[in-house]
Amino acid sequence: QVQLVESGGGLVQPGGSLRLSCAASGSIFSIYVMGWYRQAPGKQRELVAAITSGGRLNYADSVKGRFIISRDNAKNMVYLQMNSLKPEDTAVYYCNAGTTRGNSWGQGTQVTVSS
């Protein structure tokens with residue numbers, strides 16, 4: 001089993017930046033992909049960005065060129081650098097780990113983009 005804890009959310013003005021962090025613990029060896037998802041009020045949860053254990057990246061079209069996902073395997077951390085934030089990026093952001101035993105989710109962190 002994998003436990004995930006997110007941090008770094010908050011309130012930011014349009015055009016600003018935030019960096020989300022996700023700390024993984026537990027059965028780290030079973031993780032083959034990690035990602036960030038988000039869910040806005042009244043909308044379905046959607047993939048924002050993902051990174052495989054081999055370093056392959058995947059981004060939603062809406063965040064390409066603005067967001068960067070990275071991982072530090074030594075620290076069991078995954079990060080999401082969010083730049084040029086827009087009001088439509090407002091959502092609860094969740095860290096996800098795809099493991100050989102299924103998906104694990106963090107508790108979520110709120111990101112609000114507003115002037």
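Residue-wise test of (1) surrounded by 15 or more Cβ atoms within 10 Å (Cβ to Cβ); (2) over 22 Å from GLN107 (Cβ atoms).
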residue	(1), (2)
GLY15	no, yes
CYS22	yes, no
ILE28	no, no
MET34	yes, no
ASN58	no, yes
PHE67	yes, no
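Just the residues that are free of Cβ contacts under 8 Å to residues at least 24 places away in the same chain and under 12 Å from GLY35 (Cβ atoms), please, taken from region 73-103.
ASN103 - this is the single residue of region 73-103 that is free of Cβ contacts under 8 Å to residues at least 24 places away in the same chain and under 12 Å from GLY35 (Cβ atoms).
From the set of residues in region 88-115 that are assigned to a strand (DSSP E or B) and among the polar types (S, T, N, Q), which is most open to solvent (accessible area, probe 1.4 Å)?
That would be ASN103.
Just one of (1) assigned to a strand (DSSP E or B); (2) in contact with a Gly (Cβ under 9 Å, 6 or more places away or on another chain) trips up LEU85, so point out which.
(1) is the only condition that LEU85 fails.
Give, as residue ranges, the strands (runs of 3 or more DSSP E) completely inside region 1-72 that count at least 1 residues that are of a type in the set (A, V, I, L, M) and touching a residue at least 40 places away in the same chain (Cβ under 8 Å).
2-7, 10-12, 18-26, 31-39, 46-52
The values are calculated or read from the model by the stated rules, or taken from the named source; none is laboratory data. Fair warning: this is a prediction, and the values are worked out from it, not measured in the lab. Cβ: placed from backbone, ideal geometry, glycine included. Neighbour counts: every protein chain shown. Note: areas computed on protein heavy atoms with side chains; ligands, DNA, RNA excluded. Shrake-Rupley method; radii C 1.70, N 1.55, O 1.52, S 1.80 Å.
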